[in-house]
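Report on one structure; see the data block that follows.
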Amino acid sequence: MARPREFDRNKALHLAMETFWELGYEATSTGVLVSRMGIGRSSLYATFGSKEELYAEAMDSYVRDLRVRVIERLEADGPALEILEDFFLSVAQRRGSTDEPLRCCMIVRASISGTDQTPEIRTRIKKTIEELDRAFFKLLQRAREEGTLKTNTKLRDSARFLTTTFQALNVAALAGRDCRELREIISRALTTLD
């Protein structure tokens, strides 16, 4: 008879996600994972398969959270350009609200690894970036319909620019730029939409 699992799978997955998010894939050894997840090596493999499979599942968990933190926020009711500005300012404020360094977005961190990623992870990264592009695009469409965005703005190009700005802000904050500097970058970026 199989022994019952002695740990909370969802909690263990969350701890794995936090670890990969903080350290990146390459710097996260199986030893670090089992230590932080509070499970044995055999339990990790029996429950999640390989480190690669656990990383993919952790990234899926991160993306679900990203949809709540970012995409649902961009889909909120209200004047579109105000929502956009508030969203970006909240990204800057995260850096200024604590003494702890801002963690780089897990998708950005995975992207930086480039060709070291498996095809499955590269596919997840691409789909997430496209989902962010769509969310910014829909928000810009709303702004145009509200009459607050100039009509000659190329919305798809602008949406990709905003996704890239969001990614760059994460890297800039991680590199040590303070809240004031991030706000200046945001202000400059948003003026391109005028």
Matching residues, segment 16-39, being over 19 Å from VAL63 (Cβ atoms) and modelled with pLDDT of 90 or more: SER29, THR30, GLY31, VAL32, LEU33, VAL34, SER35, ARG36, MET37, GLY38, ILE39
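Quick one: would you say THR128 is β-branched (Val, Ile, Thr) and free of Cβ contacts under 8 Å to residues at least 40 places away in the same chain? Explain how you work it out, then say what you get.
Working: β-branched (Val, Ile, Thr): yes; free of Cβ contacts under 8 Å to residues at least 40 places away in the same chain: no.
Judged against the criteria, THR128 is not a match.
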Among the residues listed as GLY176, GLY147, the single one being modelled with pLDDT of 90 or more and not hydrophobic (A, V, I, L, M, F, W, C): GLY147
Within segment 163-194, track down each residue that is touching an Asp or Glu at 6+ places or on another chain (Cβ under 8 Å) and surrounded by 17 or more Cβ atoms within 10 Å (Cβ to Cβ). THR163, ALA172, ILE186
Being under 21 Å from ARG109 (Cβ atoms), in contact (Cβ under 8 Å) with a residue 24 or more places away in the chain and surrounded by fewer than 20 Cβ atoms within 10 Å (Cβ to Cβ): is that true of GLU75 here? no
Which one of these is surrounded by 13 or more Cβ atoms within 10 Å (Cβ to Cβ), touching a Gly at 6+ places or on another chain (Cβ under 7 Å), modelled with pLDDT under 95 and part of a helix (DSSP H, G or I): ARG67, ARG109, ARG94? ARG109
Tell me whether segment 143-150 contains one or more residues that are within 14 Å of the chain's Cα centre (by Cα) and either free of Cβ contacts under 8 Å to residues at least 24 places away in the same chain or under 22 Å from LEU182 (Cα atoms) (or both). no
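The values are calculated or read from the model by the stated rules, or taken from the named source; none is laboratory data. Computed from a predicted structure; not experimentally measured. A quick note on method: Cβ atoms are made from the backbone with ideal geometry, for glycine too, and the neighbour counts reach across all protein chains shown.
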